[in-house]
1. Tell me the accessible surface of residue 75 in square angstrom (1.4 angstrom probe, heavy atoms of protein chains only), to the nearest ten.
2. Which FRET efficiency value, to the nearest 0.05, is calculated for residue 136 and residue 44 with the Förster distance at 35 angstrom and r the Cβ-Cβ distance?
3. Under unit Cβ charges (Lys, Arg +1; Asp, Glu -1), what dipole magnitude, rounded to 20 debye, does the range 23-81 have relative to its Cα centre?
4. Using the Karplus equation 6.51 cos²θ - 1.76 cosθ + 1.60 (θ = phi - 60°), what ³J(HN,Hα) coupling, rounded to whole Hz, does each residue of the range 8-16 give in order, writing x for Gly and Pro?
5. So what are the three principal axis dimensions of the range 46-134 from its Cα atoms, in whole Å, longest to shortest?
6. Once you place label points 7 Å from the Cα toward the Cβ at residue 10 and residue 113, how far apart are they in nm?
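The values are calculated or read from the model by the stated rules, or taken from the named source; none is laboratory data. Small disclaimer: the values here were computed from a predicted structure and weren't measured. Here Cβ is always computed from backbone atoms with ideal geometry, including for glycine, and neighbour counts include all displayed protein chains. The area values use the complete protein model at the heavy-atom level, side chains included, leaving out ligands, DNA and RNA. Shrake-Rupley method; radii C 1.70, N 1.55, O 1.52, S 1.80 Å.
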Amino acid sequence: MDAEEFLRRYAAGKRDFQSLILEYADLSGVELQFLNIRGAKFRYVNLSSINLRSCNLIGSEFCYCNLRNGNIESCNLECTRFFDCDLGGFNTRICDMTSTRFIRVNLRDAKLSGSGEEPCEFWDVIRPDGEFIPGFTYVIYPAPSPDKVNGEDIPF
């Protein structure tokens, strides 16, 4: 299915697109809500500034996609994988991010605030403050210093 067919079916009221495969498409700025795109595969798709609010993306895969400033609020991202994507300014507020994987992605200025039963996995990422974190980690934010509170020294 190409992007035009996908958008035509969405406009006609279809919301179930499980296992959708979309490649080399431009869906920038599109508003798509309440979709079931479980197991979908997106490759080389421009999804910048997209609104995927309240969608089921369980087990979906995004490869070489631009999701800059995308709103993925209130979505289920369980076991979703992002490979070589630009997620700068990406918003995951109120998302289930159980076992979500981020591999070689740009997260600069992203708002990763979802939760999950299992941690997210990060490999070779640029974290929201712009620092590159090489290798694998479950945590992309540094632990606070035990002698500081809110960046302020604790007087002893």
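1. 10 Å²
2. 0.90
3. It comes to approximately 100 debye.
4. 5, 5, 4, 4, 7, x, 6, 10, 9
5. On the principal axes, the range 46-134 reaches 29, 27, 21 Å in Cα extent.
6. Spacing of the two 7 Å Cα→Cβ label points: 2.4 nm.
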